[in-house]
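Colleague: Have a look at the structure that comes next, please.
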Amino acid sequence: MSETDIQSDVTIDSRGAGCPGPLMDLIGKVKTADSGTVFELQTTDSSSKNDVPEWVEKANHELLDVVDHDDYWSMFVRKS
Amino acid sequence: MTQRIVIVGGGTGGAVLANRLADRLDLANGDVEVVVVNDGPDHVYKPTFLYIPFGRRTAADASQPLVDLLDRRIRLVIDRVEGIDTDAKRLTLADGPAMHYDYLVLATGSKLAPEEVPGLAEGGHHFYDPEGAVRLRDALAEFESGHLVLSVIGVPHMCPAAPLEFVFMADEWLREQGRREDVDITYTYPIQRIHGLAPVAEWAQPRFEEAGIGSETFFNPEEIDAEAQVIHTMEGTELAYDLLVAIPPHTGDPMIAEAGLGDDGWVAVDKHTLEATNAEDVYAIGDTADVPTSKAGSVAHYEAGALADRLVSELEGRPPTDRYDGKTICFIEAGMDEATFIEFDYERPPVPRPENKFVHWAKLGYNESYWLTARGHM
């Protein structure tokens, strides 16, 4: 288990998500948010650890941190 | 005193639930009343829309009067619910007087919100309502050559398999018409593969290659230049089109957020009991329920079955035990005359099998017999 002091503006609870999945939940929220908004994506899907950073880089946003809570991960993303 | 169950929305979830309750409860003795409030007189079966652009169905095939589908002991109110007071257990209606409930089930479904993407309403087609599907049918009929782009923009959206089905059907339909050599087809998807469910993406990818259907992934349109016919994405890419078929953004009913029941019009619920997280005696089913599976008719159908059992148990003084396990079933057309079929739940991923003609005919057969589902018979 790890800690962070990042404060998110929006929390997206995608724990247990199947279709369409955590990344889709994140994209949907980022699309309508203001620049600079910080999101905490909570996910139990281990593939999020690869596909979220890949999309964040491609869309030119910023991955601030990934926190392991043992039974889920928090991924902090700032919209560019 | 009569216990009143109010179901808001007469789509698949609302109709199946109301009819199952009428079947299980003694509505004649006055102890329980089941009320369905719907903002129009018709029940609409949305999967029919997929076939309209190819001339295989009409908009009229997709709807029947709700009054003909509901058990006669159910009270049907044609009105629009505009507000929910979960403390007072009262609904505000657009035309009629306020309505008290003892149990409230929200089954208001998804609404299309193309206005969320600038230029989409002017520059894009869709097949997610009757008017859009008819307009697309007419555009496709005249589309002799050029670049056809199917772009999945809204997430989440209804019928998650429909975008794949559309391009497989368009590919074969254009071949039948002798126009395929003059039309390029590109399919775009928001994430790094061509469907949210990895097994479905793995099933579809080689079929795209075989059919010559191009794909763009990590593709999230944020603006459509309708005049120049160019899509601009969040990722900084551009794609020119001649005919754009988009899956528009979806939202739920704004009164859900106003009532503090959830974000974006989806009600926060326990994924097994379907009880609202933020209010007592409030439930949600179908697209309205924010559960981690697809926004599909089969989900509404199975959720309605589980919730009917729970409500009957509660009214009859037994502890409710039935739970919705995430069961979802989708037929997936792989062209104009073959289809496959997937079944999955919260724990088990789907396993798509090779398509065949039998499943295609099973899908068409189910679509014809769907009205028995709405009546609560299957």
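Rule-based calculations on the coordinates, nothing more; no lab input. For clarity, every value in this text was computed on a predicted model and none was experimentally measured. Quick reminder, even Gly has a Cβ in these numbers, built from the backbone with ideal geometry, and neighbours come from all protein chains shown.
Colleague: Going by C-beta contacts inside 10 Å, put B:369, B:151, A:35 in order with the fewest on the left.
Modeller: Fewest-to-most ranking of B:369, B:151, A:35: A:35, B:369, B:151.
Colleague: Applying the Karplus parametrisation 6.51 cos²θ - 1.76 cosθ + 1.60 with θ = phi - 60° to the phi angles of segment B:53-61, what ³J(HN,Hα) value in whole Hz is obtained for each residue in order, glycine and proline being reported as x?
Modeller: These are the phi-based 3J(HN,Hα) values: x, 9, x, 8, 8, 10, 4, 5, 5 Hz.
Colleague: Could you please rank B:330, B:159, placing first whichever residue has the fewest other Cβ atoms within 10 Å of its Cβ?
Modeller: Fewest-to-most ranking of B:330, B:159: B:159, B:330.
Colleague: I'd like to know how segment B:114-249 sits against the 2.2 N^0.38 Å rule of thumb: what's its Cα Rg over that expected value?
Modeller: Normalised Rg, Cα atoms only: 0.97.
Colleague: A further question follows. By the scheme Lys and Arg +1, Asp and Glu -1, what is the net charge of all other residues having a beta-carbon under 12 Å from that of residue B:289?
Modeller: -3
Colleague: Apply the Kirkwood formula to chain B: the hydrodynamic radius equals the inverse of the mean of 1/r over all pairs of different alpha-carbon atoms; give it in Å with one decimal.
Modeller: 21.6
Colleague: Tell me, what ³J(HN,Hα) does each residue in segment B:225-231 have, in order and in whole Hz, if you take phi through Karplus 6.51 cos²θ - 1.76 cosθ + 1.60 with θ = phi - 60° and put x for Gly and Pro?
Modeller: 3J(HN,Hα) across segment B:225-231, in whole Hz: 8, 5, 6, 7, 6, 9, 9.
Colleague: If you put +1 on each Lys and Arg Cβ and -1 on each Asp and Glu Cβ, how big is the dipole of chain A around its Cα centre, in Debye rounded to 20?
Modeller: Computed about the Cα centre, the dipole is about 400 debye.
Colleague: Would you please classify the overall shape of segment B:140-218 from the alpha carbon gyration tensor, given that a ≥ b ≥ c denote the square roots of the eigenvalues, rounded means a/c under 1.5, and beyond that prolate means a/b larger than b/c while oblate covers the rest?
Modeller: Note, shape of segment B:140-218 comes out prolate.
Colleague: Between their Cα atoms, which of A:58/A:79; A:31/B:295; A:31/A:79; B:327/B:357 are more than 18 Å away from each other?
Modeller: Cα-Cα > 18 Å for A:31/B:295; B:327/B:357; rest within.
Colleague: Counting other beta carbons within 10 Å of each residue's own, what order do B:333, A:54, B:235 fall into, fewest first?
Modeller: With the fewest neighbours first, B:333, A:54, B:235 line up as A:54, B:235, B:333.
Colleague: Now for a different question. If contacts are Cα pairs under 8 angstrom and at least 6 residues apart, what is the relative contact order of chain B in percent?
Modeller: Relative contact order of chain B: 19 percent.
Colleague: May I pose another question? Tell me the Kirkwood hydrodynamic radius of segment B:252-378 in angstroms, computed as one over the mean inverse distance between distinct C-alpha pairs.
Modeller: Taking every pair of different Cα atoms in segment B:252-378, averaging 1/r and inverting gives 16.1 Å.
Colleague: If I take the Cα coordinates of segment A:10-78 and project them onto the principal axes, what are the three extents in Å, biggest first?
Modeller: 30, 23, 21
Colleague: Let me ask something additional. What is the sum of charges, Lys and Arg at +1 and Asp and Glu at -1, for the other residues whose Cβ falls under 10 Å from the Cβ of residue A:13?
Modeller: -2
Colleague: List the extent of the Cα atoms of the protein assembly as shown along each of their three principal axes, largest first, rounded to whole Å.
Modeller: Projected onto its principal axes, the Cα set of the protein assembly as shown covers 66, 59, 41 Å.
Colleague: Still on this structure, please answer the following. Kindly provide the helix-only [θ] at 222 nm of chain A, computed as the sum of -39,500 (n - 2.57) over DSSP H runs of four or more divided by all residues, to the nearest 500 deg cm²/dmol?
Modeller: The helix contribution divided over chain A gives -8000 deg cm²/dmol.
Colleague: Can you tally the net charge around residue B:54? Count Lys and Arg as +1, Asp and Glu as -1, for every other residue whose Cβ sits under 11 Å from the Cβ of residue B:54.
Modeller: Overall, the nearby charge balance is -1.
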